[in-house]
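Everything on this sheet refers to the single structure shown next.
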């Protein structure tokens, strides 16, 4: 196919109309607009119209473009380069590494492109197939060590049918530019393969054998792990008004989740938040691996002041990289923050295309795009029997904090867990401010099912009694109800609330969660022989105080057991003892 | 280069003009030349074949079909030099203080954002002397944070106070849709505080065209960014961004854009973000801090709502007080563990108790509050408001922290405040030994 050419016919912010002069055009292909100073602006075909008109969304600022500027089409869809060297990197929404860009300019000037993966680094490649072997798309050719893992080198997934290995390099150090093998298809056509290949971002990578998410993924966040868990390969929707703690929660998840690889898609959000991650993480040691947290992290940053059209690309790129590491047999977690900004970018483009708007002016097809995106998460049983998973946690920033809007609703329909952030809880500084009553999850918890219902029941009771207290005053309810209310408050204060900024309290491993739950259960199960609201409140204040102190003590500290006994003593001291046994 | 002049104007709207022309660049600056020789600026905002749409800086009123349009072959720029300090400019970049025009370097306006890897993590507290800020929502260098308030609240006074009481090297005031007396107030405050020589003002008042109002933040930020790149710590004050968003809505409407929420264009978020994101602590250079004003009735209105998702928190002002609930500094965690080691804990304890007392306020309306603890909570709330929430009382951070302990001890028992035993041992004032509170009641 001859690559098409054209000339700019209209410019309206990021939407540019082009009249093609030669060649055929594919919807979704990448084109470059060459402006007066020779800069090449990357763009994507989003519409083909009568009269040889093609509409492009431009991933850069369109200032100084003029009618008649030359457009070169590439014939290729927007793709991401997959191969060793992705982990630890920070790129923009089009896979340009930001540290490399910074060597050229302080500001994100237009038309700058750098190699997505470092082509100078030599990787130690160990082949696992030899001349004469039969391979196909997805077959493993060998591996290189990358940070914490053996990174498998694949035959590009796009190849179909059988190929015979004609030639294979010996074990040694190679760059990703170097041909490592030659394969021949059944028609005798040969093909040179390297350690990296392109994959179109909008095309989901096929599963080998898809399975369902059933194993809980510990996050270190108690309210999630105990009540509203996410599973390996699962999806969660995390909406909330601004200031309810989405960002802090995302950072906690990025640090503490028990995934092998964490991909952060900073889509249309504050640059400062991504900066905190990629400047802090290299310094932080992951206690499980003993290596820097950055070694398992990849950050795609298309922040709010970067070109809007590239927001969508950034989300899809993160997902494609996630699918690739799932094919490596790893557990991958994507934090997409925020999917609303992606939806808004679609809304802007849709408006410029003068499409008939749906609710709140979002395009009609928004719900389909959102469900297709979350469908790329999942568990894959690979050819070698290993299991890889891709989990997606998407934040949603609903206008006015109202969950009854198109993006939140579409996300709710597509995800397995719902973590609704509540302004009332964050105002009361009850962090993480995940609504204890309205949130839900269909994945299994680290606790037993009956233990989860036990806690949820107490929380619901507590809420009912609290509203009775507001109506009737403390004197209007019985001591029994007041005790139940205090127990619910205590559960919230010492177990569900967590100080993310505290070294110890900020992350709770599974074993500690179990210990903590047992003590909480003991407190709740113990009947109390106290009369009078003041005395009851005071009793629970002492327990709360002791428990909060306990939360700050390391599990291997000598004070840990001592503090636990102290809590239990406080509980027993006022326990109800049956008379006349 | 020969500048082309065109005279076949097709249409004139409130702020938009269209004309047939060739070889025109997107975002190019142009001049409208009136039959009497007067000139006004305009900027290209869309191209379609030979049809060029321009935004008129001076508005469409008085523009006639026999005006000519001359394309100037350059983008919108603003002069930049140290001589601008102490001067006042309008939204089109011209001086309005009767001073001389300056010959200076021209810098681009609304340029691309800085590469995130060139940003530093903000780590430096800005002391303002306002307890609700220093203790509860600490301001950090390079933060972008607006005041949310109803029209008529003393937000401009607070804005000017913060800018002049702190250690900013350069203050840039971007006034959008100011009433004349508000402009006058800023001028006076800056002079009284002796800060005139480090201040530049870009002022748009209600008599000026809305397009000039739209330009003000871009001019202020472009100049501010330049000073920051030279190593200066710059404060940019933007008042009022709700007016600015309203102008944006009017212009979008004039261009027949499909409205998203309440008539605002779908890109309101991106438009606000590209301004606020100019705030940065730059690696190897200075910093740019943005303090804005967002007037509002209701926080779920599209402007405060979108702003809240962009800025690093907000100060919520109500009835002249800075409220605790509704206010937030997202960057406070970066600095409030390096001040005094009780800072974070006491901040949280005070907030938790205040929130508990807010529930009692609700209950009080039903007449159901009679128990001692609830009554103490309500008293606590009164003391809190009186002693801490007035933004115009100056108190050093350490004194404000001591005051918090005094207030707790005045109303509560040790075990009621939920603070760790260690902190209570160190800071709990014994009966009658208040450090700050007592002094105040003595006066």
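Take every Cα pair under 8 Å in segment B:79-335 that's 6+ residues apart, average their separations, divide by the length, and report that relative contact order as a whole percent. Don't jump to the answer; show the numbers that get you there.
Working: 521 pairs, mean separation 74.5, N = 257.
Relative contact order for segment B:79-335 comes out at 29 percent.
With the convex hull of the Cα atoms taken as the outline of segment A:446-528, the averaged projected area works out to 6.2 nm². With a simple spin-label model that places each label point 7 Å from the Cα along the Cα-to-Cβ direction, the separation between residue A:212 and residue B:362 comes to 3.9 nm.
Segment B:79-335: percent of C-alpha pairs farther apart than 25 Å? All intermediate terms of the calculation are to be shown ahead of the outcome.
Details: 12799 of 32896 pairs.
Value for segment B:79-335: 39 percent of Cα pairs lie more than 25 Å apart.
Ranked for footprinting exposure by Cβ neighbours inside 10 Å, fewest first, B:71, B:315 give B:71, B:315. Highest GNM mean-square fluctuation among B:65, B:294, B:138, for chain B modelled with Cα contacts below 10 Å: B:65. The radius of gyration of the Cα set in segment A:145-256, together with its Dmax, comes out at 21.2, 62 angstrom. In this simple spin-label approximation, residue B:433 and residue B:20 carry label points 7 Å from Cα along the Cα→Cβ vector, and these lie 9.0 nm apart.
According to the Cα-based calculation, Rg over Rh for segment B:272-391 is 1.05, with Rh computed by the Kirkwood formula. Over all pairs of different C-alpha atoms, chain B has a mean inverse distance whose reciprocal, the Kirkwood radius, equals 24.0 Å. Taking segment A:183-219 and a reference point 7 angstrom along Cα→Cβ of residue A:162, the backbone N atoms nearer than 17 Å belong to A:183-190. Can you give me the angle between helix A:310-327 and the longest principal axis of chain A, using Cα atoms only, in degrees from 0 to 90, rounded to the nearest 10? Once rounded, one gets 80 degrees. Computed over segment B:192-267, the convex hull of the alpha-carbon atoms projects to a mean area of 6.8 nm². Just so you know, the Cα atoms of the protein assembly as shown work out to an Rg and Dmax of 30.8, 109 Å. Mind giving me the nanometre distance, one decimal, between the label points for residue A:178 and residue B:319, set 7 Å out from Cα along Cα→Cβ? Calculated label separation equals 7.5 nm.
Run the numbers on chain A and let me know its relative contact order in percent, using alpha-carbon pairs under 8 Å that are six or more apart. Can you show the working numbers first?
Working: 1213 pairs, mean separation 72.4, N = 581.
Relative contact order of chain A: 12 percent.
Compared with the dominant Cα axis of chain A, that is its longest principal axis, helix A:510-525 is turned about 30°.
Summarised as an ellipsoid, chain A has semi-axes of 51, 29, 20 Å, derived from the eigenvalues of the Cα gyration tensor scaled by 5 and square-rooted, with the largest first. Each of A:276, A:113 was scored by other Cβ atoms within 10 Å of its Cβ. Listed from fewest to most, they are A:113, A:276.
With contacts taken as Cα pairs under 8 Å and at least 6 residues apart, segment A:449-573 reaches a relative contact order of 24 percent. The residue A:115 and residue B:207 beta-carbon pair, evaluated with R₀ = 56 Å, returns a calculated FRET efficiency of approximately 0.55. Between segment A:341-381 and segment B:124-171, how far is it from one alpha carbon centroid to the other, in angstrom? Segment A:341-381 and segment B:124-171 have Cα centres spaced 39 Å from each other.
From the C-alpha coordinates alone, can you work out the Kirkwood hydrodynamic radius of segment A:79-169, in Å?
Working: mean 1/r = 0.0654 Å⁻¹.
It is 15.3 Å.
Note the angle between two axes, namely the Cα long axis of helix B:241-254 and the longest principal axis of the Cα atoms of chain B, as a number of degrees from 0 to 90, rounded to the nearest 10. It works out to around 30 degrees. Taking other Cβ atoms within 10 Å as a rough exposure proxy, A:249, A:112, B:159 sort from fewest to most as A:112, B:159, A:249.
By DSSP, the beta bridges lying fully in the protein assembly as shown are antiparallel in about 65 percent of cases.
Principal axis extents of the Cα atoms in segment A:123-195, from largest to smallest and rounded to whole angstrom, are 39, 20, 19.
All of the numbers you see were taken from the coordinates with simple rules; none came from a lab. From a predicted model like this one, the values you see are computed outputs, not experimental measurements. Counting neighbours? That spans all protein chains shown, and the Cβs are built from the backbone with ideal geometry, glycine included.
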